[in-house]
Amino acid sequence: MSEAIVKLTGINIYQSKNLILSGVNLQIDKGEFVYLIGKTGSGKSSLLKMIYGDVELVEGEGHVAGFSLNNLKKKQVPYLRRRLGIVFQDFQLLTDRSINDNLLFVLKATGWNDKSKMLSRVNEVLEKVHLTTKGFKMPHELSGGEQQRVVIARALLNDPELILADEPTGNLDPETSDSIMRLLFEISNSGRAVLMATHNYSLMDKFPARTIKCENGKITEELQSA
Amino acid sequence: MTETNSGTKRLQSSYFSSIVSISLVLFMLGLLGMLVLDARKISDYVKEHVQLNVFLNDELSDQEISAFQSILEKEAAIKSLRFISKQEALDSLKKDLGTDATGMLDINPLPSSFELKLKAEFTDAETLKKLAAEIRENKMVREVTYQQTEVDKMNENFQVIAFGILLFCVLLFFVAVALINSTIRIAMYSKRFLIKSMQLVGATKSFIRKPFLARALVHGLYAGFIACLLLGGLLYLLSTKLPELVQIQDLKANGILFAGIIVLGVLLSVISTFFAVNRYLRVRVEELY
């Protein structure tokens, strides 16, 4: 059961020539749920960016979802991202089209072409986030929590091995946050790894899991608080 | 629901304004293109209106006049000629001065004359001088006149004007490209997050580009057609005011110009969009704000 989805060894992460994190060693296994904590500017998002191929790997060795981050060609980045599900605050739904079209767009963009298979896949993921009836709505017609569920559904479309989530409960009320967290744990229990960056410590108390911390240019393993 | 409507409206109006600005720029370019196309024809037209007046001695018989006319008609430089009799000359003077003033005249002091129109290639100062001298040698001729200085000036000016137009053309073309480019870039700027989102879900660059380029193609076509309509309308309006303009219009050249405008519109729109989209495909997330 220790199949590594993410394996980083001795990585230094730079952002415009400043060393942000050094000597990063991190392994995330299949089905694992990991919190990533640390102050703003501590390098959390740079670490996430490195994992999804937005920051080039210059020092160290990295493997993500079967891709080597060393010598990762720009052309390969889209294919790496298809193996990941990205749930970010900034990257909301495409506001100019309905929920169904949002999900269909992702399928089309990632190389699906059988219309009926695409539709049934869209229904499958909407079922997983309990939103089957909302497919024809526009994004702004949904509540914040519902939109976040759709974003999670979108991340699930290509059956990714790893979900990267950056403050997925950021603007949500506690109850909605809880339901999103339960959803993420469901996903992780179904065999996918989840790496979630957050500041919300009360949520972490409620849903305990392995925690890593970015601090002073290093990442460290936090002891389980539970 | 209202939000959707205003959103779509905003989107449509940004497309609308970019189409309008592209078509206006194309219209300006087309106008200039037309000017260049016609400049040569206009210059020929004006040059062929340079006229030589050959005043004849009085008391020439009709035979002598028509014999002289046939001699003139054989002259290679002459495009057309018109005989103006003493009476016609007087009538036109009367018309110019008003009836009152001519009442004083008992006799008709005006000579009969030939009005010669020349072919464009014979209107340079040198040839004109030679031709006038040649005609003056004839005994029947009292005087030959033409506007020497005007002809000289005109010949000089055409070169300066042609060069000026060309320079202006090049300048305007660069302004046009810059304007269209920035219009499209602004339109793309509003899509920067959309482009980034598409990248994050694993869409390839060419997949993201395709719909933008397709739309740019359609917009370029629209803009080109609008510019052509405007040009055609202007041409029609001018031709009702200036019927001479119709004579110098070359339909084939105009057709090529119109096709060129449409092609240019499509090319500019598609190429600018390509670079604008690429810019946002390359840029990092932090730089978007």
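The values are calculated or read from the model by the stated rules, or taken from the named source; none is laboratory data. Just so you know, these numbers come straight off a predicted model, no measurement behind them. Here the Cβ is made from the backbone with ideal geometry for all residues, glycine too, and neighbour counts use every protein chain on show. Surface areas here come from the heavy atoms of the whole protein model, side chains and all, with no ligands, DNA or RNA. Shrake-Rupley method; radii C 1.70, N 1.55, O 1.52, S 1.80 Å.
Looking across the stretch B:186-230, just one residue is under 29 Å from the mean Cα position of the chain (by Cα), of a type in the set (Val, Ile, Thr) and surrounded by 16 or more Cβ atoms within 10 Å (Cβ to Cβ), and that is B:ILE226.
Does the stretch A:128-139 include one or more residues that are outside the structural domain of A:SER16 (by TED's automatic domain parsing), touching a Gly at 6+ places or on another chain (Cβ under 8 Å) and either open to solvent by less than 60 Å² (accessible area, probe 1.4 Å) or touching a residue at least 40 places away in the same chain (Cβ under 8 Å) (or both)? Walk me through how you get there before you give the answer.
Residues of the stretch A:128-139 outside the structural domain of A:SER16 (by TED's automatic domain parsing): A:128-139.
Checking which are touching a Gly at 6+ places or on another chain (Cβ under 8 Å) leaves us with none.
Within the stretch A:128-139, none of the residues are outside the structural domain of A:SER16 (by TED's automatic domain parsing), touching a Gly at 6+ places or on another chain (Cβ under 8 Å) and either open to solvent by less than 60 Å² (accessible area, probe 1.4 Å) or touching a residue at least 40 places away in the same chain (Cβ under 8 Å) (or both).
Per the conditions (1) closer than 20 Å to B:GLU88 by Cα; (2) surrounded by 19 or more Cβ atoms within 10 Å (Cβ to Cβ); (3) at pLDDT below 80, the sole criterion not satisfied by B:VAL54 is (3).
For the stretch B:173-181, the count of residues that are open to solvent by less than 50 Å² (accessible area, probe 1.4 Å), touching a helix residue (DSSP H, G or I) at 6+ places or on another chain (Cβ under 7 Å) and not in a helix (DSSP H, G or I) is zero.
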